[in-house]
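Step one of this worksheet: look at the structure below.
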Amino acid sequence: MSDKTFDTLVVGGGIIGLSIAYECARHGMCTVLLERSELGRESAAAAGIVPAGHDTSTRPAYERLLGLGSELYPELSQRLCKETTIDNGYQRCGGLELARNASEAEELRWESEQWTAQGINWRRLTTEQVGKLEPSVTTDLEAAYELPETARLDPSRHLQALAAACRHHGAHLVANAGDCELVVDGQRVVGAQARDGKTFHAETTVVAAGSWTRTALAGLDVDIHVRPVRGQIALLAPEQHVVRRIVMWGRKYLVPKEDGGVIVGSTEDEAGFQKHCTVEGISGLLAGAMVMAPSLARARFASHWAGLRPASADGLPWLGPVPGYTGILVAAGHYRLGLQMAPATARVVFELVSAAPPCLPIDDFRLDRPSTAPQP
Ligand SMILES: Cc1cc2nc3c(=O)[nH]c(=O)nc-3n(C[C@H](O)[C@H](O)[C@H](O)COP(=O)(O)OP(=O)(O)OC[C@H]3O[C@@H](n4cnc5c(N)ncnc54)[C@H](O)[C@@H]3O)c2cc1C
């Protein structure tokens, strides 16, 4: 039993939990984070795409959370590098969106209207322009768009930088703490207990346990449905740089790495908490990669992995207090875009912890919303 009472206790050391702990610690809050296993390991599965986005006050809250996340990354990346000397590799490399038939082209045309409404820069490209920008990308296209503000970073390095920056600001990070359980006194959450029985007390406990959030909230009279959606990814190592920009074709994509490697993502399949890659999953990705950039057929196959995306039924995250309880907040369910939303989520949580009005409306993310909308 620890006698100390922290200002903030974060349960879960993924991208969301570490970003929250960092935001609280850098603003002088006495912060502790408890991670069941290795810090950042789950979130490191991400491809590292930070889509273009802007926080436009006229847009719905979800788009604002995404947009603010994208806006915060350049300054955040610089600050983390200054504080820790770890460069997260953030770079506005730009992106291409491809359509290969009429219905895909119509989908992109609709999306381009959304980009305009969100203040995102884009331009439609001819196949000749695609060939000039990215000579390895197929020109067998119905339509193509360039989004110059699309960015990428190295998720592992970013997570390492966040952990180091948390420590730099005095946060206490506890890895391998096992499945931590909330400690409740009546209707007030007063902290959490690690597997070894050690209890950490805090004014505010934030549950950011990704796909495991439902279990982490056991003990409270609340039931949110987070389901894990597996994403499989492959890494190719071509002999020469194949693409400089992120290339998107529907839900398939290529992300260039600084060393010339190409990440090929990603499947969306539901297999509970299983995280192995399948023949069907990886072969589908590789087939898609060869369509987008045919010369990748000759690239060395370097590795593959899978991760779990925490998904809600309506596709929106949960962000805010647990109805009926004090001392507890939840930040979970960020699904396909947790990396993008993490800095904005952290800002909102810090504001809630400090009893300041949140910088964007969070009513859409409340835990007691009817969450029966069709799945994304
Ligand atoms: C293949 C793939 C590619 C992706 N690519 C991108 C991308 O390019 N851009 C993007 O924005 N997003 C991407 N995502 C989505 C992004 O990775 C997720 O949205 C994000 O990782 C969710 O972060 P999280 O911190 O909520 O959850 P997690 O990463 O799952 O972290 C939750 C943490 O909580 C810990 N935990 C759970 N229960 C407990 C407990 N009781 N006590 C203590 N600790 C606990 C877990 O061990 C884990 O470390 C991708 C996802 C996948 C799978």
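The values are calculated or read from the model by the stated rules, or taken from the named source; none is laboratory data. These figures come from a predicted structure and were not determined experimentally. Counting neighbours? That spans all protein chains shown, and the Cβs are built from the backbone with ideal geometry, glycine included. Remember, those area values only see protein heavy atoms, side chains included, never the ligands or the DNA or RNA. Shrake-Rupley method; radii C 1.70, N 1.55, O 1.52, S 1.80 Å.
What the table below lists for this structure:
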{"quantity": "Scope the range 31-61; condition open to solvent by 40 Å² or more (accessible area, probe 1.4 Å), within 12 Å of the ligand (Cβ to nearest atom) and farther than 23 Å from Ile246 by Cβ; matching residues", "calculated": "Arg36, Glu38, Leu39, Arg41"}
{"quantity": "Near pairs, Cβ below 6 angstrom, 6+ apart or cross-chain, from the range 31-55 (under 26 Å from Leu182 (Cβ atoms) and basic (Lys, Arg)) to any residue that is within 8 Å of the ligand (Cβ to nearest atom) and open to solvent by 30 Å² or more (accessible area, probe 1.4 Å)", "calculated": "Arg36/Asp179"}
{"quantity": "Pair list, Cβ < 6 Å and 6+ apart or interchain, from the range 212-234 residues that are over 25 Å from Glu280 (Cβ atoms) and free of Cβ contacts under 8 Å to residues at least 40 places away in the same chain to residues that are within 8 Å of the ligand (Cβ to nearest atom) and in a loop (DSSP other than H, G, I, E, B)", "calculated": "none"}
{"quantity": "Some residue of the range 9-26 being over 17 Å from Ser77 (Cβ atoms) and surrounded by fewer than 24 Cβ atoms within 10 Å (Cβ to Cβ)", "calculated": "no"}
{"quantity": "Residue in the range 153-163 that is farther than 17 Å from Leu80 by Cα, of a type in the set (A, V, I, L, M, F, W, C) and either crowded, with 22+ Cβ neighbours inside 10 Å or modelled with pLDDT under 95 (or both) present", "calculated": "no"}
{"quantity": "Hey, Ala237 over 19 Å from the mean Cα position of the chain (by Cα), within 13 Å of the ligand (Cβ to nearest atom) and not basic (Lys, Arg) or not", "calculated": "no"}
{"quantity": "Given (1) under 28 Å from Asp140 (Cβ atoms); (2) more than 14 Å from the ligand (Cβ to nearest atom); (3) in contact (Cβ under 8 Å) with a residue 24 or more places away in the chain; (4) in contact with a Leu (Cβ under 9 Å, 6 or more places away or on another chain), index of the condition Ser295 fails", "calculated": "(4)"}
{"quantity": "Yes/no for Ala21 being in contact (Cβ under 8 Å) with a residue 60 or more places away in the chain and part of a loop (DSSP other than H, G, I, E, B)", "calculated": "no"}
{"quantity": "Exclusive hit being open to solvent by 30 Å² or more (accessible area, probe 1.4 Å), touching a residue at least 12 places away in the same chain (Cβ under 8 Å) and in contact with an Asp or Glu (Cβ under 9 Å, 6 or more places away or on another chain), set Gly281, Gly320, Gly324", "calculated": "Gly324"}
